[in-house]
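Trainee: Sharing a structure below in structure tokens format, with a few things to ask.
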Amino acid sequence: IRLLHVHAPSSPGDDRDTIRCDLQVVDLASERCPPFAALTYVWGTKAAGTNFITCGASTLAIMQNCHSALEHLRKKLGEFTIWVDAICINQDDEGEKMMQIPLMGDIYSNAKTVYVWLG
């Protein structure tokens, strides 16, 4: 699976800067799998708006509700590692989605914490 490592704000106390993160591939069944949280949230609609995060050298578009959840978690936690379905599963790759979606129960079960974001 992929995990999203969200970096703390670049300036202490500055929660308004761009969310910067990296994706890492891990083996969920391995003892070396790092501790991570998982996020469940209401995806919303494109009409609700799109926001952007910087992931490695790329800019990713994410739904407003996902962005809001990551902003709030970053404000509370600083730096953290999390699994977010809309980011960690390539939504444009049907084959990948068919392989990853059945793993969601294991992903949530192995997460140290599961955050529920209602917006």
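Computed from the coordinates by the stated procedures, all read-outs in this text should not be read as laboratory data. Being a predicted model, the structure only gives us computed values, none of them experimental. In this analysis, Cβ positions are derived from the backbone assuming ideal geometry, glycine residues included, and neighbour counts consider all displayed protein chains.
Trainee: Within the set of pairs 6 or more residues apart or between chains, which connect a residue that is of a type in the set (D, E) inside region 74-96 to a residue that is assigned to a loop (DSSP other than H, G, I, E, B) with Cβ atoms less than 6 Å apart?
Mentor: Every condition considered, the pairs that remain are E79/H7; E79/A8; E96/N90.
Trainee: Please indicate, with yes or no, whether at least one residue in region 34-51 is in contact with a Gly (Cβ under 7 Å, 6 or more places away or on another chain), surrounded by fewer than 15 Cβ atoms within 10 Å (Cβ to Cβ), touching a residue at least 60 places away in the same chain (Cβ under 8 Å) and of a type in the set (V, I, T).
Mentor: yes
Trainee: How many residues are surrounded by 20 or more Cβ atoms within 10 Å (Cβ to Cβ) and outside any strand (DSSP E or B) if we restrict to region 74-87?
Mentor: So the answer is 2.
Trainee: Of these, Y115, Y108, which one is part of a strand (DSSP E or B) and farther than 13 Å from C21 by Cβ?
Mentor: Y115
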